[in-house]
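Down below is the structure, laid out as structure tokens.
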Amino acid sequence: MNKKEELEELFEKKSIRYVFFKYFIPLMLSFFAISAYTTADAYFVKKYLGTSAFEAIGLAFPMVQFLTAITLMLSVGASVVIEVDLGKGDYKEANKMYSMMLGVTIITSIIAMPLLKIISDIVYLNYDVSLQTLNNAKIYSDTLILTTIVWCLSQYYISIGRVIGKPMLISIAIIIGNILNIVFDYVALEYFNMGIEGVIYATGASSFIMYLIARFAVGNKVLKIVKFKWNLKKVWFALYNGFSDLVSESTYGITQMLFMIAIIKYVGQSGVESLTFVNTISNFLMLTLYAISVAISQAVSYDYGAGDIKRANDFKNLAIKYSIIFGVFSMLVLNLFVEDFIGIFGITDENAIKVIVEGMALYSLVFIVQGYNNVLISYYTATENAKASAILSILRSFILIAIGINVLPIYLGISGVWLTYVFAEIGALIYYVINKKKLDSYELNGVDIDAGNMVS
């Protein structure tokens with residue numbers, strides 16, 4: 001059985017639940033590894049460098065999101081278009097897009113570095129914190145920006161590996177990379193006393209190893225690097241499909257900055273430690289919810305390309321059900337074990353602990369709804385309905401967040417800050433329910449994917 005027949009067997013004949021778990025399990029393992037390394041980053045920084053450096057990670061979080069936004073726009077946009085081509089059986093066009101988007105990824109990552117530096121300088125003008133914490137955050141961000149090309153290439157090949165049906169090999173690459181990241185973190189801080197920049201050096205080195213493994217896993221049996229003529233409209237279409245991820249991640253970075261400013265206003269600098277902790281602990285559960293939505297993307301894109309819309313919708317409904325179940329579970333875990341997590345990180349400031357416990361009880365409510373919205377956005381992206389995907393992303397990640405963070409604290413104080421995400425997710429879901437037919441009707445957004453041209 002050749003690779004084309006294997007893909008047909010998987011996406012057209014296997015049960016929906018089988019395909020879902022084939023992608024979800026390795027994704028969950030991958031995201032668990034990612035979460036483990038981010039948690040280890042925070043833990044080692046807190047242990048070896050102290051509270052100021054720990055707070056710096058929280059201040060720098062928007063920059064991590066901006067870099068993630070760029071990598072996802074490139075990788076998700078390319079993978080959706082390539083997957084649709086494979087679903088149509090057009091391997092020649094898939095090879096061209098694979099090669100072209102690899103070039104776009106390299107060029108974009110180089111251009112992005114000075115732009116990210118400018119954004120970084122703007123972000124740090126907004127924080128009213130100690131000079132030591134601010135300087136640590138700037139060192140962290142400046143070092144992070146230097147690793148942009150490695151981040152982009154590793155994420156590109158991770159996405160391509162999933163497209164060609166190798167989710168387990170890609171998960172192995174991610175797990176190995178993140179285990180090495182934890183080891184490199186420990187070595188950099190324990191034996192070389194490198195400071196906060198050592199954490200990023202460790203991340204860059206492990207990301208490069210991850211890229212090498214993912215590139216090997218992709219190989220050249222299904223997709224090959226071929227000669228191509230630049231087709232800017234096709235490139236634009238791929239980026240357009242990844243636009244909702246760019247919007248979602250970058251606006252999440254902006255809203256995290258707004259959150260940090262608000263919590264400093266209502267609590268003081270101890271609020272920075274509280275928010276950094278909440279983000280760190282909730283990260284694993286959020287990534288698992290994200291894994292549920294990502295797990296259906298390849299299958300939905302393939303079925304969409306093959307014209308089987310009913311099967312694509314069945315994948316969406318299954319993912320929504322699992323997202324709600326896991327969301328309730330996540331809320332319970334965060335509330336039942338919050339004090340245990342605080343003890344592990346050695347947080348002793350009584351004000352920070354009070355803010356964390358009270359904040360987690362409110363913030364955790366977001367998990368019940370967030371997974372549902374994740375699946376909707378993933379589905380729209382996978383079916384090349386980038387307009388609907390972008391609308392929901394902008395609404396939940398920026399517009400409703402901006403409204404909530406400016407209005408709710410006026411009436412509810414610090415509780416209003418924590419409830420802002422809940423307000424945004426519920427608001428976005430209500431908008432979807434009211435406007436579902438309109439959102440569904442956007443379809444290809446006026447683009448002829450085969451010709452790479454706009455249609456009238």
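The values are calculated or read from the model by the stated rules, or taken from the named source; none is laboratory data. Note that this is a predicted model, so its numbers are computed, not measured. Glycine gets a Cβ as well: all are built from the backbone with ideal geometry, and neighbour counts include every protein chain shown.
Against the test of being farther than 23 Å from Y302 by Cα, in contact with a Ser or Thr (Cβ under 9 Å, 6 or more places away or on another chain) and at pLDDT below 95, the options S389, S456, S397 yield a single qualifying residue, S397. Of all residues in segment 192-234, those satisfying the criterion of being under 19 Å from I182 (Cβ atoms), assigned to a loop (DSSP other than H, G, I, E, B) and under 27 Å from the mean Cα position of the chain (by Cα) are G195, I196. Does V247 satisfy the condition of being within 16 Å of K96 (Cα to Cα), touching a residue at least 12 places away in the same chain (Cβ under 8 Å) and either among the β-branched types (V, I, T) or surrounded by fewer than 20 Cβ atoms within 10 Å (Cβ to Cβ) (or both)? The answer is no for V247.
Tell me, which helices (runs of 4 or more DSSP H) wholly within segment 42-154 include 3 or more residues that are of a type in the set (D, E, K, R)?
Details: elements: 51-88, 91-123, 131-145.
Passing ranges, in order: 51-88, 91-123.
Only one entry of Y23, Y98, Y91 meets the criterion of being among the aromatic types (F, W, Y) and at pLDDT 90 or above, and that entry is Y98. Among the residues of segment 308-320, those that are over 21 Å from the mean Cα position of the chain (by Cα) and charged (D, E, K, R) comprise D308, K310, R311, D314. Among the helices (runs of 4 or more DSSP H) confined to segment 355-449, the ones with at least 3 residues that are of a type in the set (G, A, S) and at negative phi are located at 367-382, 386-394, 414-441. Scanning segment 140-154 for residues that are within 28 Å of V272 (Cβ to Cβ) and surrounded by 17 or more Cβ atoms within 10 Å (Cβ to Cβ) gives Y140, S141, D142, T143, L144, I145, T147, T148, W151.
Only one of V300, V333, V328 is within 14 Å of F367 (Cβ to Cβ) and touching a Phe, Trp or Tyr at 6+ places or on another chain (Cβ under 8 Å). Can you tell me which?
Just one listed residue meets the conditions, V328.
Of the residues M63, M101, M97, only one is surrounded by 22 or more Cβ atoms within 10 Å (Cβ to Cβ), touching a residue at least 40 places away in the same chain (Cβ under 8 Å) and closer than 19 Å to F259 by Cα; which?
On the way: M101 fails: closer than 19 Å to F259 by Cα; M97 fails: closer than 19 Å to F259 by Cα.
Going through M63, M101, M97 in turn, the sole match is M63.
Taken over segment 174-196, the criterion of being under 15 Å from K47 (Cα atoms) and not hydrophobic (A, V, I, L, M, F, W, C) is satisfied by D185, Y186, E190, Y191, N193, G195. Listed conditions (1) farther than 17 Å from V199 by Cβ; (2) modelled with pLDDT under 95 are all met by S120, apart from (1).
So in segment 174-188, with the set limited to residues that are out of contact with any Leu (no Cβ under 7 Å at 6 or more places or on another chain), hydrophobic (A, V, I, L, M, F, W, C) and in contact (Cβ under 8 Å) with a residue 60 or more places away in the chain, which one is surrounded by the fewest Cβ atoms within 10 Å (Cβ to Cβ)?
My answer is I179.
The set of residues in segment 334-354 being part of a helix (DSSP H, G or I), of a type outside the set (D, E) and either crowded, with 18+ Cβ neighbours inside 10 Å or without any contact (Cβ under 8 Å) to a residue 12 or more places away in the chain (or both) consists of L334, L336, V338, F341, I342, G343, F345, A352, I353, K354.
So for segment 151-159 (the condition being β-branched (V, I, T) and under 24 Å from L258 (Cβ atoms)), does at least one residue qualify? Checked against the condition, which is being β-branched (V, I, T) and under 24 Å from L258 (Cβ atoms), segment 151-159 yields no hits at all. Looking only at residues of segment 155-173 that are closer than 17 Å to F32 by Cβ, among the β-branched types (V, I, T) and buried (at least 24 other Cβ atoms within 10 Å of the Cβ), we find that the one that is farthest from the chain's Cα centre (by Cα) is I170. Restricting G427, G359, G404, G371 to those that are within 21 Å of M286 (Cβ to Cβ), free of Cβ contacts under 8 Å to residues at least 24 places away in the same chain and touching a helix residue (DSSP H, G or I) at 6+ places or on another chain (Cβ under 6 Å) reduces the list to G404.
Within the option set L189, L169, L134, L180, being in contact with a helix residue (DSSP H, G or I) (Cβ under 7 Å, 6 or more places away or on another chain) and at pLDDT below 90 holds for one residue only, L169.
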